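The values are calculated or read from the model by the stated rules, or taken from the named source; none is laboratory data. What you see is a predicted model; the values in this text were computed from it and never measured. Please note: Cβ atoms are built from the backbone with ideal geometry, for glycine as well, and neighbour counts cover all protein chains shown.
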Amino acid sequence: MNDRIFNQEPDKLRSEERIKRLETDKIVNYCLQEKEIKTLLDIGTGSGLFAEAFSKLGLIVSGIDINNIMIESAKKYLPDSEFIIAPAEDIPFHDESFDAVFFGLVFHEVNDYEKSLMEAYRVAKYFTFIFEWQYKKEDFGPPIEHRLTSEFIKNIALSVGYKNFTTVFHNNMVLYILEK
């Protein structure tokens, strides 16, 4: 069992405090800035918080998660979107099915970082976004031993084949923009 996986109720992912801390709309807008993105896969969608924010901006959004309870929660908020139970390491979509892929505070939870990023690379036409906790000890979010360094993520991204890697620090989080 992976002790890095969020295992609480989906509604906790939508608490007012958490939404404020994440500045979801700001992150989503930053991801889309000066990019032609019409379709997006939200990996580890959880309650669909980020999927919903991308959808509100006109994107066609799909999501995957390994937890059926999370999938059902996401469907409540986005009943017209496709949500499937699947791990990041085995994405059930064809090559280049989406303009972009998004990992929202979930990349640190995957079982195999390289395989997950290879799958994201495969299904994305242009971009993969990884929104993660900064690698520092804090009194919220996952413990330090579950957090990933920017260098670690960059090394995997470049080894998988991404051509450009941009790091954007944001309050207590980091947005990584990986371009094919």
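You will find that of Phe169, Phe129, Phe103, Phe140, the residue that is part of a strand (DSSP E or B) and loosely packed, with under 13 Cβ neighbours inside 10 Å is Phe169 and no other. Residues in the stretch 35-50 that are of a type outside the set (S, T, N, Q) and more than 17 Å from Ala124 (Cβ to Cβ): Gly46, Gly48, Leu49. Considering only residues that are at pLDDT 95 or above and on the phi > 0 side of the Ramachandran plot, which ones fall in the stretch 6-47? Across the stretch 6-47, the qualifying residue is only Gly44.
Against the definition (surrounded by 14 or more Cβ atoms within 10 Å (Cβ to Cβ) and either charged (D, E, K, R) or part of a helix (DSSP H, G or I) (or both)), how does Asp90 come out, yes or no? Criteria not met by Asp90. Taken as a whole, the structure leaves Ser116 outside the set of residues that are among the polar types (S, T, N, Q) and surrounded by fewer than 21 Cβ atoms within 10 Å (Cβ to Cβ). Restricting attention to the stretch 66-87 and to residues that are more than 22 Å from Leu175 (Cα to Cα) and in a loop (DSSP other than H, G, I, E, B), the residue that is modelled with the lowest pLDDT turns out to be Asn67. On the basis of being under 12 Å from the mean Cα position of the chain (by Cα), crowded, with 21+ Cβ neighbours inside 10 Å and assigned to a loop (DSSP other than H, G, I, E, B), does Gly46 make the cut? Here the answer is yes, as Gly46 does meet what is asked.
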